[in-house]
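To start, the structure itself, in structure tokens.
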Amino acid sequence: MSREEVEGIDDQGMAAWGSHDAQGFANIFGDDFVVNDVATPEPITEKGGVRAYAQAWFTAFPDMSVKQTNRVVSDDAVAAEVQFTGTNTGPMMMAGNEIPPTGKTVIGRGTYFARVRDGKVVEFNSYPDIAGMMMQLGFMPAM
């Protein structure tokens, strides 16, 4: 694949997050894939799981807006830093547990790395700044 094609797939994923389209995000994944996120207890390997993963974020932060702050693209992979803002007005899933909404607004940061094959994402590794988010939500003392 070309870098432009990989960039296009990444742009589709970011657009899905921007429009809170869980199905659109799931659509960028191939038939055989794995999603790893430090906030989920197990890897995700089914599209229904990817939809639920994205929807959990959209439910917890219904007004979420997302932007990339840095991105590196190769012929088969993309790595990016992202920032999101949102108000926690819905229940949040963290490590398999539901946390009630706090009503607090956060500026979240994180990174992800995605590997692409045959026009689809086959590996997605996400590293949200959980500690920073927990501090802003009042679950951890600020440093």
To the nearest 20 debye, what is the magnitude of the charge dipole of the chain about its Cα centre, counting +1 on the Cβ of each Lys and Arg and -1 on the Cβ of each Asp and Glu? 480 debye
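What is the percent carbon and sulfur in the accessible area of the chain, measuring with a 1.4 Å probe over the protein chains and ignoring ligands?
Here carbon and sulfur together make up 52 percent of the probe-accessible area.
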Can you compute the modelled spin-label distance between SER19 and MET140, with each label point 7 Å from Cα toward Cβ, in nm? 3.4 nm
DSSP loop (so not H, G, I, E, B), at most 16 other Cβ within 10 Å: list which GluC sites (Glu not before Pro) in segment 32-131 pass both filters. GLU46
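If you roll a 1.4 Å probe over the heavy atoms of the protein chains, what accessible area per residue do you get for segment 64-143, in Å²? Working shown, then result.
Working: 4340 Å² over 80 residues.
I get 54 Å² per residue for this part.
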Can you tell me what the convex hull of the Cα atoms of the chain projects to on average, as an area in nm²? 7.8 nm²
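Which of the trypsin sites (Lys or Arg not before Pro) across segment 97-143 are loop residues per DSSP, with 15 or fewer other Cβ within 10 Å? Don't jump to the answer; show the numbers that get you there.
Values: sites: LYS104, ARG109, ARG115, ARG117, LYS120; in loops: LYS104.
For trypsin sites (Lys or Arg not before Pro) across segment 97-143 that sit outside H, G, I, E and B with at most 15 neighbouring Cβ atoms in 10 Å, the list reads LYS104.
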Residues with amide H under 5 Å of MET93's amide H, sequence separation 5 or more or different chain, H placed in the peptide plane at 1.01 Å from N; which? ILE99
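The values are calculated or read from the model by the stated rules, or taken from the named source; none is laboratory data. The model shown is predicted, which means the values in this text are computed figures rather than measured ones. Please note: Cβ atoms are built from the backbone with ideal geometry, for glycine as well, and neighbour counts cover all protein chains shown. When the accessible area is computed, the model is the full protein with side chains, heavy atoms only, and any ligands, DNA or RNA have been set aside. Shrake-Rupley method; radii C 1.70, N 1.55, O 1.52, S 1.80 Å.
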